[in-house]
Amino acid sequence: AHFGLRPLGLIASGALLLTIAGDRAPALLGAFRRRRIPAAVIGAVTTGRGVMAYRGGRRVAFQWSSRDELTRLR
């Protein structure tokens, strides 16, 4: 709170989030694994509006940040 940072945004600092066709995920995960880069499928693209997440088993709106939380520190 002192620095005005969002804790959940801070946890994800430095993370890469990407979308690919579902049938390509196993090959990409294999390539990451061979290079010892941790990776996981965390969701799916579906029809509808906006981006939704789940918190405590309940569906909530995803909080979008246009930049990495760490870069907000000056």
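Observations, loosely collected:
Residue by residue, here is whether (1) more than 27 Å from Leu70 (Cβ to Cβ); (2) part of a loop (DSSP other than H, G, I, E, B); (3) open to solvent by less than 100 Å² (accessible area, probe 1.4 Å) holds:
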site	(1), (2), (3)
Ala1	no, yes, no
Gly4	no, yes, yes
Leu10	no, no, yes
Leu18	no, yes, yes
Gly30	yes, no, yes
Arg33	no, no, no
Pro38	no, yes, no
Ile42	no, yes, no
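- If you go through the stretch 45-60 and keep only what is among the small types (Gly, Ala, Ser) and surrounded by 10 or more Cβ atoms within 10 Å (Cβ to Cβ), you end up with just Ala53.
- Residue pairs meeting the criteria (Cβ under 8 Å; at least 6 apart or on separate chains; first small (Gly, Ala, Ser), in the stretch 12-23; second modelled with pLDDT under 80 and open to solvent by less than 100 Å² (accessible area, probe 1.4 Å)): Ala12/Glu69; Ser13/Asp68; Ser13/Glu69; Ser13/Leu70; Gly14/Asp68; Gly14/Leu70
- The set of residues in the stretch 38-58 being basic (Lys, Arg) and over 23 Å from Leu10 (Cβ atoms) consists of Arg49 alone.
- Of residues in the stretch 61-74 being open to solvent by 90 Å² or more (accessible area, probe 1.4 Å) and touching a Gly at 6+ places or on another chain (Cβ under 8 Å), the one farthest from Arg6 (Cα to Cα): Phe62
- Options Phe32, Phe3, Phe62: the member that is aromatic (Phe, Trp, Tyr) and modelled with pLDDT of 85 or more: Phe32
- Taking the conditions (1) touching a Leu at 6+ places or on another chain (Cβ under 9 Å); (2) at pLDDT 80 or above; (3) exposed (fewer than 10 other Cβ atoms within 10 Å of the Cβ) in turn, Gly14 satisfies each one other than (2).
The values are calculated or read from the model by the stated rules, or taken from the named source; none is laboratory data. This is a predicted model, so every value here is computed, not measured. Because the Cβ atoms are built from the backbone with ideal geometry, glycine has one as well, and the counts that use them run over all protein chains shown. With ligands, DNA and RNA removed, areas are computed over all heavy atoms of the protein, side chains included. Shrake-Rupley method; radii C 1.70, N 1.55, O 1.52, S 1.80 Å.
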